[in-house]
Amino acid sequence: MPKPHLALLVALAVAGLVAASSSAIDPYYLDVLTLIGINVILAVSLNLVNGYTGQFSLGHAGFMSVGAYLSAAVSLFLGPQVLGEHPAAFAEGAFFLGALLVGGLAAALAGLVVGIPSLRLRGDYLAIVTLAFGEIIRVVFQNIDALGGALGLNGIPPYTTIFWVLAFAALTIFTVHCLVHSTYGRGFLAVHDDEVAAAAVGLNPTRYKIVAFVVSAFFAGIAGGLYGHFRLTITPGGFDFTKSIEIVVMVILGGMGNMPGVVLAAVVLTLLPEVLRPIAEYRMIIYSLLLIVLMILRPQGLFRLKAGRKSPGP
Amino acid sequence: MAEFLQQTVNGLSLGAIYALIALGYTMVYGVLRFINFAHADVFMAGAFLGYFLARLVPAESFGGGLAVMAGTMVGCALLGILIERLAYRPLRRGPTLNVLITAIGVSLFLEYAGQLGFGAEPRTFPALFPQRDFNLGGLSISSNQLLVIGVAVALLVALQAIVHRTRIGTAMRALSLNPVAAQLMGINTDVVISFTFGLGSALAGAGGILYAMNYPSIDPLMGVMPGLKAFVAAVLGGIGNIRGAALGGLILGLAETFVAGSPWSTYKDAIVFGILIVILLFRPAGLLGKPAVEKV
């Protein structure tokens, strides 16, 4: 069996073990672990676009909100009819998986709709357009009364368990890893290194960018669904520009296109505000200074241990 | 009809402010080829600088107002030059993506440092200039609106003169045509780039004061939305093109005001971004820009 598949199986087994012993773990640690898992999914999926493919998306929170809203709507509005009064644990799990997939697919569709027009653009323009789409998605949710308008959705059933979070985190890492290391996926790196050269050898850069965008949006949607069923309440304001920036900082801190670094950065940046409560107020200042200092002194990211591939020149 | 004219006047005064901010984006893009995200926060800094300077001069006096405006423009120019010196110059030869990320970092830093320093609660901006309302047959125009349009036009004319009639303006245009050749012709690019940042930031500072005069509630995040919209205005007119930025600002100000007065008013922010997307898809070079050809 190939190594990544084995690693996935081991990770799923570990997730099952943790879930089985979750009653023995302090609920606070369990909550932190859940947040870490969700942030890992977000950071790793964004890394596919911002790292491996070399584009710059600032709208990841927008896709997350699509997933969060759609999956929450499924479990709020369809759940009672499908599951009845006292559902079995298995039926509930299967239903939640379905809700998550609906959220993920809706986010992927949003990624496709956003990606097809905007991915013909590059660099600065793409960043602005993804930012703009993130804002549009937020404004649209604010104006849909069926989804709670500006107040958001409340009373989402608490379906998110540590098993689902860890399993999907493992699945995200596995999918992105295998995609990038496949024959097809080498194209992502080619587009990252030099779009013109990639087109010259017969790759279609726009197509690669869209695929990266859609896959990334799908997992962002899953993360959104997990987040919604974990927090039990979601508002459009919770998925704003700041949230997108937080994910971008994780990717940059870990080193764009460097999977272990990005996972580590997601873990560290989730733990940091928990451990250092007094500095929580300064969080955004620290993030912004990190961005500036890292770009000037260490653009390859903090956690890239080996001398990695050089970033493309101007 | 009266309402249409009223909305047009409101739209023009809003558009004039967008145009002032858009000029900063366009000029920096012209010489450095990157989007200075922090520009919107220089605009915010301008409003706050005006707020504090206004305490030093008599309220509602013409001379005092102009002194505050001049002081703010100088202060913002210095801030812009400082930002370029500290954050952007070390990356001058780096990949564009790194500069973009740094710009976002600078922008966030200014916003949240502002929240820490000034508090997140909105403050009321004082009345700088004597105010009067003029009534023209159902049409109500405030002196502030006239002032905004007047100051914006004056600054635009001055800018046009600087860029086209002075030595440093010629150097700016040379740099935007071809940086390497400009350097070979003996142009000190560092000085010209600093000057460009200073000029753009001074305009943003003036825009900040004018905006705060018409919407007298200022907070550290006030720059985000006007900044984004001014950026859209710059792209709409053709980024790197000074007249285009002015035109784009006016169009956007009018569009926003008319949508805000229609039944779809809650969508007014979304529509601005919709314009951006449509422009980028069908005419990426903007209304007045020339399409760029990429050389391999």
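Structure values in brief
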| quantity | calculated |
| --- | --- |
| Residue selected from the stretch B:44-97 under the condition buried (at least 18 other Cβ atoms within 10 Å of the Cβ) and hydroxyl-bearing (Ser, Thr, Tyr), by the criterion farthest from B:Ala113 (Cα to Cα) | B:Thr96 |
| Residue list for the stretch A:236-276, restricted to those being assigned to a helix (DSSP H, G or I), more than 15 Å from the chain's Cα centre (by Cα) and aliphatic (A, V, I, L, M) | A:Leu253, A:Val268, A:Leu271, A:Leu272, A:Val275 |
| All positions within the stretch A:288-303 that are more than 8 Å from chain B (Cβ to nearest Cβ), farther than 14 Å from A:Val268 by Cβ and part of a loop (DSSP other than H, G, I, E, B) | A:Arg298, A:Gln300 |
| Single condition B:Leu280 does not satisfy, out of (1) in contact with a Pro (Cβ under 9 Å, 6 or more places away or on another chain); (2) at the interface with chain A (Cβ under 10 Å from one of its Cβ atoms); (3) more than 22 Å from A:Val140 (Cβ to Cβ); (4) in contact (Cβ under 8 Å) with a residue 24 or more places away in the chain | (3) |
| Meets criteria (surrounded by fewer than 20 Cβ atoms within 10 Å (Cβ to Cβ), part of a helix (DSSP H, G or I) and without any contact (Cβ under 8 Å) to a residue 40 or more places away in the chain) for A:Val10 | yes |
| B:Ile141 touching a Phe, Trp or Tyr at 6+ places or on another chain (Cβ under 6 Å), over 25 Å from A:Val293 (Cα atoms) and either of a type outside the set (S, T, N, Q) or not in a helix (DSSP H, G or I) (or both) | yes |
| Test: A:Ala61 is under 25 Å from A:Leu153 (Cβ atoms) and in contact with a Lys or Arg (Cβ under 7 Å, 6 or more places away or on another chain) | yes |
| Residues that are among the aliphatic types (A, V, I, L, M) and farther than 18 Å from B:Gly138 by Cβ, drawn from the stretch B:2-22 | B:Leu14, B:Ala16, B:Ile17, B:Ala19, B:Leu20, B:Ile21, B:Ala22 |
| Cβ pairs under 7 Å, 6+ apart, first in the stretch A:237-254 and at the interface with chain B (Cβ under 10 Å from one of its Cβ atoms) and touching a residue at least 60 places away in the same chain (Cβ under 8 Å), second crowded, with 19+ Cβ neighbours inside 10 Å and among the aromatic types (Phe, Trp, Tyr) | A:Ile245/A:Tyr287 |
| Which listed residue is of a type in the set (A, V, I, L, M), facing chain A (nearest Cβ under 9 Å) and closer than 21 Å to B:Ser217 by Cα, from B:Leu128, B:Leu91, B:Leu110 | B:Leu110 |
| Qualifying position, being touching a helix residue (DSSP H, G or I) at 6+ places or on another chain (Cβ under 6 Å), β-branched (Val, Ile, Thr) and within 13 Å of chain A (Cβ to nearest Cβ), among B:Ile218, B:Ile271, B:Ile275 | B:Ile271 |
| Index of the failed condition, A:Ile279 passing every other in (1) hydrophobic (A, V, I, L, M, F, W, C); (2) away from chain B (no Cβ under 14 Å); (3) farther than 20 Å from B:Ile101 by Cβ | (2) |
| Selection from the stretch A:196-230 of residues that are buried (at least 19 other Cβ atoms within 10 Å of the Cβ) and without any contact (Cβ under 8 Å) to a residue 40 or more places away in the chain | A:Ala198, A:Pro205, A:Val211 |
| Count of the stretch B:286-296 residues which are small (Gly, Ala, Ser) and either farther than 19 Å from B:Gly248 by Cα or at pLDDT below 80 (or both) | 2 |
| So A:Gly155, is it at pLDDT below 90 and touching a Ser or Thr at 6+ places or on another chain (Cβ under 9 Å) | yes |
| Number of the condition not met by B:Arg89 [criteria: (1) in contact with a Phe, Trp or Tyr (Cβ under 9 Å, 6 or more places away or on another chain); (2) in contact (Cβ under 8 Å) with a residue 12 or more places away in the chain; (3) farther than 23 Å from B:Ala206 by Cα] | (1) |
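So that you can scan it fast, the table gives a plain yes or no per residue for (1) within 19 Å of the chain's Cα centre (by Cα); (2) at pLDDT 85 or above; (3) of a type outside the set (Phe, Trp, Tyr):
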| site | (1), (2), (3) |
| --- | --- |
| A:Ala94 | no, yes, yes |
| A:Gly115 | yes, no, yes |
| A:Arg122 | no, no, yes |
| A:Ala127 | yes, no, yes |
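Residue-by-condition table, conditions (1) more than 29 Å from A:Leu58 (Cβ to Cβ); (2) assigned to a helix (DSSP H, G or I); (3) within 17 Å of the chain's Cα centre (by Cα):
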position	(1), (2), (3)
B:Glu84	no, yes, yes
B:Tyr88	no, yes, no
B:Asn98	no, yes, no
B:Ile104	no, yes, yes
B:Ala113	no, yes, no
B:Ala127	yes, no, no
B:Phe134	yes, no, no
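The values are calculated or read from the model by the stated rules, or taken from the named source; none is laboratory data. As the structure is a prediction and not an experimental result, all values here were calculated from the model. Reconstructed Cβ throughout: ideal geometry from the backbone, glycine too, with neighbour counts over all protein chains shown.
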